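This report refers to the structure that appears directly beneath it.
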Amino acid sequence: MDPVIELDGLEVRFGTRAILKKLKASLDGRAIGLLGPNGAGKSTLLNTLLGFHKPGAGTARVFGRDIRTQAREVRSLIGYMPENDAFIAGMSGVHFVRLMAELAGLPRADALERAHEAFFYVGLGEVRYRTLGTYSLGMKQSAKLAQAIAHGPKLLFLDEPTNGLDPPARARMIQLIQEIRDRGDLHLILSSHLLRDVEECCDQVLILKDGNIAAFCNLEEERRLNRRFLEIETRGEANGCFVEAMEKLGCETAAGAQGRIKLIMPDGLEVRRLYEIAAEQNVQIRRLHHKRDSLEDIFLKAMEATNGRL
Amino acid sequence: MAVYKKTYRPYEGGLTAPLTRFLVIPRYAFEELHRSRFLTFFFLATYIYPLICALIIYVQHNASALSLLGVQGANRLISINVVFFMGFLGWQSMLALFLAAFAGPGQISPDLANNALSLYLARPFSRLEYVLGKISVLVILLSLMTWIPGLLLFSLQGYLEGWDWMTANARLASGIFLGAWVWIIVLSLLALALSAWVKWKPAAGALMFGVFFVAAGFGATVNAVQRTKWGHLLNISNLIGSVWVELFQGANKTTSGTVFFRVPEGQELPLWCCCSALAALCAVCLYMLARKIRGAEVVR
């Protein structure tokens with residue numbers, strides 16, 4: 001199966017300035033996050049995949065279709081929610097989404113039906129006949145999402161979807177994105193500088209810095225590893241015996257000061273067993289927690305790398 | 001699926017033909033234009049003159065109608081000839097300029113002001129199709145008020161006068177058709193280019209008149225100061241008038257143009273100069289459109 005996106009030495013220049021520098025990657029996650037500080041090239045990468053910018057060198061493929069030679073086909077697979085306000089003034093919400101669906105190739109009747117559905121889906125059913133210019137910022141974001149999904153794309157580009165949203169609106173937007181992701185009908189690429197958004201929605205993350213790929217990680221893999229990585233704090237005389245017993249069960253351990261122990265548990269071993277062994281050794285487990293904030297760690301490490309590459 | 005089932009589902013139906021997809025734009029644009037009462041009334045008012053012309057043609061061929069009006073000799077006063085049809089095209093074309101100035105600026109500027117271009121162009125829809133869609137709004141409107149009623153009048157006259165008249169005056173029909181198209185293309189491209197560069201609609205409309213009238217005034221000043229005739233190159237209506245004279249009359253020139261589009265006697269420019277100036281104007285407009293119609297603006 002073709003990867004969702006394949007970057008093959010992709011370079012984009014604006015005049016003499018290189019914005020994307022020979023990017024090479026193969027992304028095949030269901031939900032892919034594009035992370036990076038402002039100006040890292042996230043939006044430029046999305047715009048290039050959409051054919052708005054011509055690559056100076058290299059190319060990229062979306063579901064195996066070359067963006068240089070099959071741009072139209074590529075765009076027919078994509079739904080795009082841009083970062084900035086984007087709408088047609090004076091048009092009602094449902095009219096606007098219908099127009100966008102028709103431009104994507106849907107017949108009139110289907111486009112109208114899908115526009116209504118999309119508006120209900122994003123929670124704007126009651127205001128779908130109101131002029132777009134009168135929508136609040138949160139409503140405009142939802143309307144942009146509606147137009148991006150109305151034609152049933154295979155790949156959804158979400159450029160800073162939570163920009164300017166208040167906490168409830170943000171939570172609603174994230175929930176929508178998670179629902180779309182979990183249905184499994186389409187892949188999505190979420191570009192953001194907010195780690196939390198990406199962490200909540202994505203299973204793969206590409207971190208860009210100064211037009212380079214600074215890091216690429218599989219969050220799902222990281223999460224699985226993190227679930228096996230424990231930090232515990234113990235009290236009791238037989239700490240050494242407890243550590244030995246855990247090692248016999250296949251755990252990798254590192255004992256620290258004041259009864260602190262780091263453990264990587266093998267697959268198949270449940271946390272419950274830890275408590276059982278502790279009880280057998282007469283050791284109290286006072287605190288236990290899974291490793292957290294892995295994305296933040298990865299992001300900070302990527303940002304610290306001097307040349308933009310890990 | 002009913003809308004109450006609030007869930008996402010992929011689209012599995014058929015798609016429209018890609019080649020005709022640009023026609024979605026004029027359909028929505030006409031709905032929008034129709035909402036403006038002023039434009040609707042103005043458009044309907046542009047049919048007054050063609051109706052008067054049709055009446056003249058009818059009355060001229062109807063002796064009983066003339067006697068009823070008590071003007072038996074009137075058919076000798078108004079001749080249905082090249083001057084009649086050029087006059088019709090000149091009058092309608094001037095109204096077309098006003099319509100293009102009212103309807104043209106609203107085509108692209110709102111899309112640019114609200115960043116909607118990225119939404120259009122993120123679909124399987126090219127920049128060329130976008131421009132074609134937008135220009136077809138003006139082309140359809142302006143055709144409906146210039147060459148289509150013009151050819152209907154020609155057909156009416158031919159029907160009443162006979163086949164011989166039609167064959168002998170076939171150049172009039174081609175003049176109406178081609179002359180109107182030259183004007184429509186120039187007007188439409190200019191209106192779209194200004195709409196793409198000036199985001200404020202009233203300013204874009206005013207600039208449209210400015211390009212015609214201020215440039216013509218400047219050209220006249222150049223002529224007066226430099227004692228030359230080349231200032232007419234800045235006068236678009238003169239350029240169009242020269243092309244029309246050629247299209248309607250060829251080598252047998254009997255008039256020097258028509259109302260609003262008349263070139264002063266003795267100051268005619270060579271035809272190739274007029275055509276080149278119009279082609280250059282169209283090229284500039286296309287360049288302006290190419291610079292602005294982009295999915296994403298590049299800040300270098």
Hits in region B:130-181 - residues which are within 30 Å of B:Ser118 (Cα to Cα) and β-branched (Val, Ile, Thr):
B:Val131, B:Ile135, B:Val137, B:Val139, B:Ile140
Here is a list: A:Pro168, A:Pro161. Which entry is buried (at least 20 other Cβ atoms within 10 Å of the Cβ) and either more than 10 Å from every other protein chain (Cβ to nearest Cβ) or in a helix (DSSP H, G or I) (or both)?
A:Pro161
If you check every pair at least six apart or on different chains, which have Cβ atoms under 6 Å apart with a residue in region B:12-39 that is within 11 Å of another protein chain (Cβ to nearest Cβ) first and a residue that is among the aliphatic types (A, V, I, L, M) and part of a helix (DSSP H, G or I) second?
B:Phe22/B:Leu132; B:Val24/A:Leu103; B:Tyr28/A:Leu99; B:Ala29/B:Val137
Provide a single number: the residues in region B:128-139 that are among the hydroxyl-bearing types (Ser, Thr, Tyr) and more than 10 Å from chain A (Cβ to nearest Cβ).
1
Count of region B:195-210 residues which are assigned to a helix (DSSP H, G or I), more than 15 Å from the chain's Cα centre (by Cα) and hydrophobic (A, V, I, L, M, F, W, C)
6
Kindly establish whether B:Leu138 is in a helix (DSSP H, G or I) and within 27 Å of B:Ile78 (Cβ to Cβ).
no
If I ask for residues that are more than 18 Å from the chain's Cα centre (by Cα) and among the aliphatic types (A, V, I, L, M), which ones from region B:259-283 would you list?
B:Val263, B:Leu269, B:Leu271
Output for Cβ contacts, cut-off 8 Å, separation at least six or different chains, first residue over 13 Å from B:Arg294 (Cβ atoms) in region B:118-136, second acidic (Asp, Glu), reads B:Pro124/A:Glu73
Does region A:10-26 hold any residues that are more than 16 Å from B:Glu297 (Cβ to Cβ) and in contact (Cβ under 8 Å) with a residue 60 or more places away in the chain, and which are they?
A:Ala18, A:Leu20, A:Lys21, A:Leu23, A:Lys24, A:Ala25
For region B:110-127, what are the residues that are more than 10 Å from chain A (Cβ to nearest Cβ) and among the hydroxyl-bearing types (Ser, Thr, Tyr)?
none
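So that you can scan it fast, the table gives a plain yes or no per residue for (1) within 20 Å of A:Asn84 (Cα to Cα); (2) modelled with pLDDT of 90 or more; (3) among the small types (Gly, Ala, Ser); (4) part of a strand (DSSP E or B):
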| residue | (1), (2), (3), (4) |
| --- | --- |
| A:Asp185 | no, no, no, no |
| A:Leu188 | yes, yes, no, yes |
| A:Ser191 | yes, yes, yes, yes |
| A:Arg196 | no, no, no, no |
| A:Glu199 | no, no, no, no |
| A:Ile207 | no, yes, no, yes |
| A:Ala215 | no, no, yes, yes |
Can you tell me which residue is farthest from the chain's Cα centre (by Cα) among those in region A:171-193 that are closer than 20 Å to A:Leu27 by Cα and away from every other protein chain (no Cβ under 14 Å)?
A:His193
Within region B:183-206, considering residues that are among the hydrophobic types (A, V, I, L, M, F, W, C) and surrounded by fewer than 19 Cβ atoms within 10 Å (Cβ to Cβ), the one nearest to B:Gly106 (Cα to Cα)
B:Trp200
Counting only residues in region A:9-19 that are buried (at least 16 other Cβ atoms within 10 Å of the Cβ) and out of contact with any Leu (no Cβ under 7 Å at 6 or more places or on another chain), the one nearest to A:His187 (Cα to Cα) is identified as A:Ile19
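Yes/no per residue for (1) at pLDDT below 95; (2) touching a His at 6+ places or on another chain (Cβ under 9 Å); (3) surrounded by fewer than 22 Cβ atoms within 10 Å (Cβ to Cβ):
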{"residue": "A:Met1", "(1), (2), (3)": "yes, no, yes"}
{"residue": "A:Lys22", "(1), (2), (3)": "yes, no, yes"}
{"residue": "A:Gly36", "(1), (2), (3)": "yes, yes, no"}
{"residue": "A:Gly41", "(1), (2), (3)": "yes, no, no"}
Please find, within region B:228-250, the residue that is surrounded by the fewest Cβ atoms within 10 Å (Cβ to Cβ) out of those that are of a type in the set (S, T, N, Q) and in contact with a Leu (Cβ under 9 Å, 6 or more places away or on another chain).
B:Ser237
Name the single residue, out of those in region B:102-129 being of a type in the set (Gly, Ala, Ser) and surrounded by 20 or more Cβ atoms within 10 Å (Cβ to Cβ), that is farthest from B:Glu297 (Cα to Cα).
B:Ala103
Kindly evaluate B:Val225 against the criterion of being free of Cβ contacts under 8 Å to residues at least 24 places away in the same chain, within 14 Å of chain A (Cβ to nearest Cβ) and either surrounded by fewer than 18 Cβ atoms within 10 Å (Cβ to Cβ) or of a type outside the set (D, E, K, R) (or both).
no
In region B:131-145, which residues are buried (at least 21 other Cβ atoms within 10 Å of the Cβ) and either β-branched (Val, Ile, Thr) or under 26 Å from A:Lys140 (Cβ atoms) (or both)?
B:Val131, B:Gly133, B:Lys134, B:Ile135, B:Val137
Is it the case that some residue within region B:245-254 is in contact (Cβ under 8 Å) with a residue 24 or more places away in the chain, farther than 30 Å from B:Asn169 by Cα and not in a loop (DSSP other than H, G, I, E, B)?
no
With A:Arg72, A:Arg98 as the choices, which residue is surrounded by fewer than 19 Cβ atoms within 10 Å (Cβ to Cβ) and more than 23 Å from the chain's Cα centre (by Cα)?
A:Arg72
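The values are calculated or read from the model by the stated rules, or taken from the named source; none is laboratory data. Keep in mind the model is a prediction, meaning the values are calculated, not measured. With ideal geometry, Cβ positions are generated from the backbone for all residues, glycine too; neighbour counts draw on all protein chains shown.
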